[in-house]
1. Do you know which residues across region 150-199 are farther than 21 Å from residue 315 by Cβ, among the β-branched types (Val, Ile, Thr) and part of a helix (DSSP H, G or I)?
2. Mind checking which residues of region 121-132 are of a type outside the set (S, T, N, Q) and over 24 Å from residue 89 (Cα atoms)?
3. Name the residues in region 200-211 that are assigned to a helix (DSSP H, G or I) and surrounded by 17 or more Cβ atoms within 10 Å (Cβ to Cβ), would you?
4. Between residues in region 41-68 that are closer than 16 Å to residue 266 by Cβ and residues that are open to solvent by less than 30 Å² (accessible area, probe 1.4 Å) and part of a loop (DSSP other than H, G, I, E, B), which pairs lie under 8 Å by C-beta distance while being six or more apart or on different chains?
5. If you scan region 78-124, which residues turn out to be outside any helix (DSSP H, G or I), closer than 19 Å to residue 42 by Cα and open to solvent by less than 10 Å² (accessible area, probe 1.4 Å)?
6. Please work out if residue 75 is basic (Lys, Arg), open to solvent by 40 Å² or more (accessible area, probe 1.4 Å) and within 16 Å of residue 247 (Cβ to Cβ).
7. Taking the condition of being within 16 Å of residue 282 (Cβ to Cβ) and of a type in the set (D, E, K, R), how many residues in region 213-236 meet it?
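The values are calculated or read from the model by the stated rules, or taken from the named source; none is laboratory data. Note that the structure is a prediction, hence the values are computed from the model and not measured. Please note: Cβ atoms are built from the backbone with ideal geometry, for glycine as well, and neighbour counts cover all protein chains shown. Side chains are part of the model used for accessible areas, which takes the heavy atoms of the whole protein and leaves out ligands, DNA and RNA. Shrake-Rupley method; radii C 1.70, N 1.55, O 1.52, S 1.80 Å.
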Amino acid sequence: MNTLMKLMAVGMLALPTPLMAQETVYLTVASSHPTVIPWVGMIKTHFMARTDEILAEAGDYKIEWNEAFGGQLYKANATLTSVEEGITDVGWVFSFLEAAKLPLSQASSYAPFSTSDPAVQLEVMEELFETNPAFRNEWESHNLKVVGFTGTDSYDLYTKAPLEQGFKSIDGMKLSAPGVLGNWLRGTGANAVDGALTTFYTDIQTGVSDGVLSLALGVLPSKIYEVAPYITRVDLGVAFSGAVAVNRDTWDGLPEEVQAAMVEAGKYYTASHGKDLLERHEFALNKMVEAGADQSPPVSITPMAQTDREAWVAAMPNIAKEWADSLEEKGVPAGDFMKAYLDGLRAKGETPVRNWDEDL
């Protein structure tokens, strides 16, 4: 072999081995709500971002996300069907509005005063999804792969007048409450006025209601504290509100590496969301006091005495039993699920003010 040929051979050996081409996966991610809603925004900043980070570490795949947040593809009454039918590949499913199709997912709404810690509740729901076949099936039967869970911060009372006699003061009051949560007022003497964050301000302002049972993360941006400046911190509890899910047909077509990344990112999202809710709740309450300091009357926060909280929950009928019995008649194992939910909370150190499962 002459010198030139030797040099060419050595040069070829020195060339770098060609890299495997990175595959791009195209996915649409959507929601009925805008990204200013904390758990929707965190789909982007936590779930999507963490998925991208994990995939970048291996370098085999990358996702090109087509974002359609804020109702671009569908509204709040179609979150389940839109993911189920593949209108979006990934989306937030709002279980509050899907009681008929996702009945077990409503359990926390029928067990108030059980926990005010959203992080703990989401841990329990995540565990139940893995261990309770009926709960998992009610989601997966709708052509979904669940990857993360969402909840609310705790509910309190926001009223036009101070509750000078604590719990007794709400007897005869008209209190706005969202849908099923009107049940939390049963037995108290208060009259539930159905409404939503978009109607609460006007309802209170015009006298349709005397206040609202709501959560700080909704009251602050809606400025309801302007017309209902007396905040009574009842800590009625948090509620499970839904999940981040992937269309099952889309999921089955994804490479295993992408699936694994999304599962890990989903767990990160759930844990981060629970912690964020707890921190934001305190921030929102303090912010309302600050923002309403110069109005008349100024915004104030008064904790409800534990004896009053106990009186409230004791006055209520057993709404958990009513809920479970109605579903059991349809063959849904709601009684066992409610017991598992409350046992899960107790196992993590929570002490429900009322043991809703005693009569189940």
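1. 198, 199
2. Initial filter on region 121-132 (of a type outside the set (S, T, N, Q)): 122-130.
Those that are of a type outside the set (S, T, N, Q) and over 24 Å from residue 89 (Cα atoms): 123, 124, 127, 128.
3. Scanning region 200-211 gives 200, 201, 203, 204.
4. 43/31; 43/69; 44/69
5. Passing the criteria: 88, 90, 91, 92, 93.
6. When the stated conditions are applied, residue 75 does not pass them.
7. Total meeting the criteria: 2.
Residue-wise test of (1) out of contact with any Phe, Trp or Tyr (no Cβ under 7 Å at 6 or more places or on another chain); (2) in contact (Cβ under 8 Å) with a residue 24 or more places away in the chain; (3) among the small types (Gly, Ala, Ser).
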{"residue": "117", "(1), (2), (3)": "yes, yes, no"}
{"residue": "133", "(1), (2), (3)": "yes, no, no"}
{"residue": "155", "(1), (2), (3)": "yes, yes, no"}
{"residue": "166", "(1), (2), (3)": "yes, yes, yes"}
{"residue": "173", "(1), (2), (3)": "yes, yes, no"}
{"residue": "200", "(1), (2), (3)": "yes, yes, no"}
{"residue": "207", "(1), (2), (3)": "yes, no, yes"}
{"residue": "211", "(1), (2), (3)": "no, yes, yes"}
